[in-house]
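Every read-out reported here was derived from the displayed coordinates using simple, explicitly stated rules and does not represent laboratory data. Model, not experiment: these values are computed from the prediction. Every residue, glycine as well, gets a Cβ built from its backbone with ideal geometry; the counts of neighbours run over all protein chains shown.
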Amino acid sequence: MKSKPRIEFRRSGYDLLRARLQEQRRFIQVVAGPRQVGKTTMVRQVLESLTVPVVFASADEPGLKGSQWVAQQWDAARLAARQSKDGAVLAVDEVQKIPHWDESIKKLWDEDTAKRIQVKVVLLGSAPLLIQHGLTESLGGRFEMLHQPHWTFPEMKSAFGWSIDNYLYFGGYPGAATLIADPERWARYVRDSLIETTISRDVLLLSRVDKPALLRRLFELACSYSGQILSYQKMTGQLQDAGNTTTLAHYLDLLAAAGMVTGVQKYAGDKARQRASSPKLQVFNTALMTAQSGVAPNEVDKNPEFKGHLVESAVGCHLVNAAAGKECELFYWRENNREVDFVVKSGRFITAIEVKSGSRRDKLPGMDAFNTAFHPQRRLLVGADGISLEDFLSKPVSYWVRPAEFPATS
C-alpha cells in the first residue's frame, strides 16, 4: 500500500503558501524555521502542484554562491515567465548562505516590479535570525513570512502512529521517526545529524561567536536544565567559564533563533525587569533533551524527577514554538518560592498554566499568588486531574489562550 505523502501533515502551511502563490498580488514568500522540519519537502510539493513554470535552486549545494549566482537563477525564472502568460515561480533554498543575499534580491525584485515581470519568489532558510535581519534591513514591505515550527503531536501521530509517550520522549523530528525502534541509533542521529549540523552550519558558520566551545556547553546545559530557572551567574559557574552574562544571553539568543533552546523570561509589567530576570531554560523539541540525557525510553517512568522536567518541557515546546511563530508571547512567573510554570500573553488576554506530571493534584500556591497580583483571564492545569497532556498537545496553542475558544478554567 502506497504511503501518504508527508505534506498531508503540514497541510496548513501547504495550503497557505499555495494560495499566496496563486494570488495576483506579488510578495516575496519567506519560509523559515529550524532544520529538519519539512520546509523543503513542503515547498517542493506546493511547486509541483502549480501549473506555472518553476525554477528551484539551492544555495546548500557545493560551490561558491554570490550575487552573480542569484542573478543567474533569476534570469532563468524571467525567461520562463516570458514564455508563460501566468508568469513563473523562483524558489531559493538555504538563502541565508548567500553573501548579501538580501541586497541582491531587493535589486532584482525592484527591477521586475518596475518592468511588471511576473516572477513570484519563494525563499527558504534554516537560520531565522539571519533571515529576519536581511528582511528587515533590505526587503521591508516586500515579503510575507511563513514560519514552519517543529512538528506537533497530532502531526507525528498522523504520520507515524505515535502515542503520547512516543512524542514525549522522541519529540517532533520526522526524519528521525523511523529510527525509534533502536533508541541508541536514534540518539546518535539526533546528536550528529541534527544538533551538530545546526550548531556548526546555522550558528557558528553564520554568526560571530568568539567562544564556540562555550556556546556548545551552554546548549548542553540548557538541554539538561530544560524546564528549570537558572540564573546567568549559576550558568557561568556550571560552565566554568569567565564569560560575562551578556555573552551567555547573546549565545542563548543565537540558539533560540536556530530553533534549539531558549531562555523564557519572567513575566513582569516592566520590560526591563523581564530582560534582567533569570531565564527559564526551554528546548524547542524534547528530542534535543532526551538524546543527550542518557535516560532510555523505558527508564523515564522510573525517574520521576526526569519525567517531571520532560513533561513540563513538552508543554513548553508546544508554547515556545507558537511564540516563535508570533502567535503569542511566552513567560514564566516566580516570586520567592511561588511560581507559575508558563504565562501566555495573546494580545491583552493572559493565561496562566501550571504543569503536573503526577496523578495527584496538589495545592497551587503559585497560581493563587499570580492570580492575586495580575488577575489572568484564564488559569489552566495540565496533568493531575486537570487537562491531560495528550489533550493539551493535541490542540493548537490558540485554542487554549484566546478568549473565544475555550471556557475559563481554574
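What pairs from K97/K266; K211/K345; K345/K395; K39/K157; K211/K395; K157/K363 go past 29 Å between their alpha carbons?
K97/K266; K211/K345; K211/K395; K157/K363
Could you tell me which of rounded, prolate or oblate describes the range 266-351, using a ≥ b ≥ c as the square roots of the eigenvalues of the alpha-carbon gyration tensor, with rounded for a/c under 1.5 and, failing that, prolate when a/b is larger than b/c and oblate otherwise?
prolate
Of W333, W101, how do they rank once you tally other Cβ atoms within 10 Å and put the fewest first?
W333, W101
Tell me, what is the percent relative contact order of the range 6-147, built from C-alpha pairs under 8 Å that lie six or more residues apart?
This gives 35 percent for the range 6-147.
Find the relative contact order for the range 184-302 and round it to a whole percent, using C-alpha pairs within less than 8 Å whose residues are 6+ positions apart.
It comes to 32 percent, rounded to a whole number.
Quick one: grab the alpha carbon gyration tensor of the range 54-212, order the square roots of its eigenvalues as a ≥ b ≥ c, and give me rounded if a/c is under 1.5, else prolate or oblate depending on whether a/b is larger than b/c.
Because a/c hits 1.5 or more and a/b exceeds b/c, the range 54-212 counts as prolate.
Near the amide H of R379, under 5 Å away, which other amide H atoms are found, from residues 5 or more places off or on another chain, if H is placed in the peptide plane?
HN-HN under 5 Å from R379: A352, T409.
Could you tell me the extents of the range 190-271's C-alpha atoms along the three principal axes, largest first, rounded to whole Å?
In descending order, the Cα extents are 39, 26, 23 Å.
Ignoring solvent entirely, what values of log10 I(q)/I(0) come out of the Debye formula for the range 322-372 at 0.21, 0.25, 0.30, 0.32 Å⁻¹ when each Cα is a single scatterer?
The calculated log intensity ratios at q = 0.21, 0.25, 0.30, 0.32 Å⁻¹ are -0.79, -0.97, -1.14, -1.21.
With both bridge residues required to lie in the range 153-401, what share of the DSSP beta bridges run antiparallel, to the nearest 5%?
Approximately 65 percent, going by the DSSP bridge assignments.
Which of the peptides 76-86, 160-170 is most tightly packed, and how do the rest follow, going by the mean number of other Cβ atoms within 10 Å of each residue?
My ranking of the peptides, most packed first, is 160-170, 76-86.
Rounded to the nearest 0.05, what FRET efficiency is calculated for D362 and D391 with R0 set to 25 Å and r the Cβ-Cβ distance?
The formula returns an efficiency of 0.80 here.
When V401, V382 are ordered from fewest to most other Cβ atoms inside 10 Å of their Cβ, what list results?
V382, V401
Where in the range 134-157 does the amide nitrogen come within less than 19 Å of the point 7 Å from the Cα of S193, taken along Cα to Cβ?
Under 19 Å, as judged by backbone N against the label point of S193, lie 150-152, 156-157 of the range 134-157.
By counting other Cβ atoms within 10 Å of each Cβ, how are L381, L204, L319 ranked from fewest to most?
By the 10 Å Cβ count, ascending, the order reads L204, L381, L319.
How fast does the chain diffuse by Stokes-Einstein, in µm²/s, taking the Kirkwood radius from C-alpha pairs at 10 °C and 1.306 mPa s?
My calculation gives 70 µm²/s for D.
Give, in nm to one decimal, the length gained when the segment between N298 and A213 is fully stretched (0.36 nm per residue of separation minus the Cα-Cα distance).
In short, 27.4 nm is gained.
For the chain, calculate the relative contact order in percent as a whole number, restricting contacts to Cα pairs under 8 Å that are 6 or more residues apart.
Relative CO of the chain lands at 13 percent.
Can you bin the range 6-147 into rounded, prolate or oblate? Criterion: square roots of the alpha carbon gyration tensor eigenvalues sorted a ≥ b ≥ c, rounded for a/c under 1.5, prolate for a/b above b/c, oblate for the rest.
rounded
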